[in-house]
2 protein chains.
Amino acid sequence: MEKRKEIPDIIVGRLPRYLRVLINLKETKVTTNSHELGLLLGYSAAQVRKDLSQFGGFGKQGTGYNIESLINNLEEILNVKVPRGIVLVGIGNLGKAILHYKGFEKHGFYIAGAFDDDPDLEGVLIGNCKVKSQKMLRSFIQENNIQIAMITTPASEAQKVAEELVASGISAILSYATTILKLPEEIRVEYSDPIISLQHMTYYLD
Amino acid sequence: MEKRKEIPDIIVGRLPRYLRVLINLKETKVTTNSHELGLLLGYSAAQVRKDLSQFGGFGKQGTGYNIESLINNLEEILNVKVPRGIVLVGIGNLGKAILHYKGFEKHGFYIAGAFDDDPDLEGVLIGNCKVKSQKMLRSFIQENNIQIAMITTPASEAQKVAEELVASGISAILSYATTILKLPEEIRVEYSDPIISLQHMTYYLD
């Protein structure tokens, strides 16, 4: 898909936010416009028009955007039309919270398997998932063609786990471990780290 | 502090990542350089030099950056020299995981108070915090001059909680609730949402 490479990553990063807001709007409305989307997301209307125009003419001059068709287009662009399985590694407090989280299915994902290296956790049902032994990680990923993993292990184990994931065929990792992973360039990694977000805000505080 | 307003927010957002990597490097090294920092963070060396030069001449031509002094400078710029208290609202699975998380103190934060509207949770000790009644939220924030809050309530309650926080004097919110908050412009809001991060990555998958 050649087109994908031409869109700046910074714009790609905003598309899931548009999608989130549109899914909320859909409950009460049929159409929206760049002004409304901008207000809800904190972007200017011009920015919204520019972002969405990168993907072709979704909006109509004067009448705005049809919400449902914009959702469809964004879901297609973001590759979440068909639900994608995720493996979750590390079933501590945070891993358990994620297993209880009910928002994945609605947005194109499901937890396909949960793994931990604590034998006491093996077979324990959390949310809808029975925890599996971490020894089964590689074969599970390969047999189920999983591409995405979430890491919720302690920071000290995250690098080793990430390498095992990559060796197993994973190509995208969302890591909650507070450490920067060293992985081959072609592997996509996103971090969820409260410290990074908090320090971004304290810059602006007195 | 006039200078703060002139630095693009996109660069501000990268500074906590530099700080994180530098704190790790400090355990084994005294100096670093733009090439090494770039490798660890996935930025180009030129980008690193440009980012850090925004804040004055920390690096020396040829010898690179002294790690400790760069950490000090970044902590000062990011306003995390003096630990800042945070109130946490919503003590479900995720809230509990955050209360057990040990990384705050090291990075300039501590959980000053944890709140929930479930009377059964009142007084329960989780991590180092006794859960307080949500009715006490406003007086606690005001008496302790708290500026930062984390929201881990269900999405359906997040807007109401956020408004109460703002009315109590909070000026920065990190929200884990999967909904976009509508708040006055001057309030800083960051979101932590696995769906947004996952969809950003699926764009690049087949």
Can you tell me how much longer the chain between residue B:30 and residue B:44 gets when fully stretched, taken as 0.36 nm per residue apart minus their C-alpha distance, in nm with one decimal?
-> 2.9 nm
Filtering trypsin sites (Lys or Arg not before Pro) in the stretch A:56-128 by DSSP loop and by at most 12 other Cβ atoms within 10 Å leaves A:81, A:102
Once you've got the Cα coordinates, tell me which of A:50/B:81; A:130/B:26; A:135/B:102 are over 32 Å apart.
-> A:50/B:81; A:130/B:26
Taking other Cβ within 10 Å of each residue's Cβ, how do B:156, A:175 sort, fewest first?
-> B:156, A:175
Among B:133, B:171, B:44, which one shows the biggest mean-square fluctuation in a GNM of chain B, springs joining Cα atoms closer than 10 Å?
-> B:44
Could you pull out the longest piece of chain B with no exposed loop GluC sites (Glu not before Pro) in it, calling a site exposed if DSSP puts it outside H, G, I, E, B and it has at most 13 other Cβ atoms within 10 Å?
-> B:28-184
Hey, got the average number of other protein chain Cβ atoms within 10 angstrom for residues in A:178-186?
-> 3
Förster radius 35 Å - calculated FRET efficiency between residue B:82 and residue A:136, Cβ distance, rounded to 0.05 = 0.15
Let a ≥ b ≥ c be the square roots of the eigenvalues of the Cα gyration tensor of the stretch A:83-161; is it rounded (a/c under 1.5), or, if not, prolate (a/b larger than b/c) or oblate?
-> rounded
Which shape class applies to the stretch A:16-86: rounded if a/c is under 1.5, otherwise prolate when a/b exceeds b/c and oblate if not, where a ≥ b ≥ c are the square roots of the Cα gyration tensor eigenvalues?
-> prolate
Using a simple charge model, +1 on the beta-carbon of Lys and Arg, -1 on the beta-carbon of Asp and Glu, nothing else, what dipole does chain B show about its Cα centre, in debye to the nearest 20?
-> 700 debye
Shielding by other protein chains, A:187-195, mean Cβ within 10 Å = 6
Compute the whole-percent fraction of alpha carbon pairs in the stretch B:142-206 spaced more than 15 Å apart.
-> 53 percent
Return the distance in nm (one decimal) between the two label points of a simple spin-label model at residue B:110 and residue B:66, each offset 7 Å from Cα along Cα→Cβ.
-> 3.0 nm
Would you calculate, for chain B, the mean residue ellipticity at 222 nm contributed by helices, counting each DSSP H stretch of 4 or more residues as -39,500 (n - 2.57) and dividing by all residues, to the nearest 500?
-> -11500 deg cm²/dmol
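Which order do B:63, B:179 fall in if you start with the one that has the fewest other Cβ atoms within 10 Å? Don't jump to the answer; show the numbers that get you there.
Numbers: B:63 9, B:179 20.
Listed from fewest to most nearby Cβ atoms, that is B:63, B:179.
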How about the stretch A:31-125: which chymotrypsin sites (Phe, Trp or Tyr not before Pro) there are in a DSSP loop, with at most 10 other Cβ atoms within 10 Å of their Cβ?
-> none
Once Rh is set to the Kirkwood radius over Cα pairs, what Stokes-Einstein translational diffusion coefficient, in µm²/s, holds for the stretch B:1-131 at a temperature of 37 °C and a viscosity of 0.692 mPa s?
-> 194 µm²/s
For a footprinting-style exposure proxy, rank A:151, B:11, B:86 by other Cβ within 10 Å, fewest first.
-> B:11, B:86, A:151
D for the stretch A:58-127, whole µm²/s, Stokes-Einstein with Kirkwood Rh over alpha-carbon pairs at 10 °C and 1.306 mPa s: what number?
-> 109 µm²/s
Considering the options A:198, A:176, A:78, tell which one lies farthest towards the positive end of the dipole of the stretch A:71-203, charges being +1 on Lys and Arg and -1 on Asp and Glu at the Cβ, about the Cα centre.
-> A:78
Taking one equal scatterer on every alpha-carbon of the protein assembly as shown, how large is log10 of I(q)/I(0) by Debye at q = 0.06, 0.07, 0.15 1/Å?
-> -0.25, -0.35, -1.66
Shape of the stretch A:68-206 from its Cα gyration tensor (a ≥ b ≥ c, root eigenvalues): rounded if a/c is under 1.5, otherwise prolate when a/b > b/c, or oblate?
-> rounded
Here, trypsin sites (Lys or Arg not before Pro) of the stretch B:116-196 satisfying both criteria (DSSP loop; at most 14 other Cβ within 10 Å) are B:182
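Just so you know, all these numbers are worked out from the coordinates, no wet-lab data involved. Keep in mind it's a predicted model, so treat the numbers as computed, not measured. In this analysis, Cβ positions are derived from the backbone assuming ideal geometry, glycine residues included, and neighbour counts consider all displayed protein chains.
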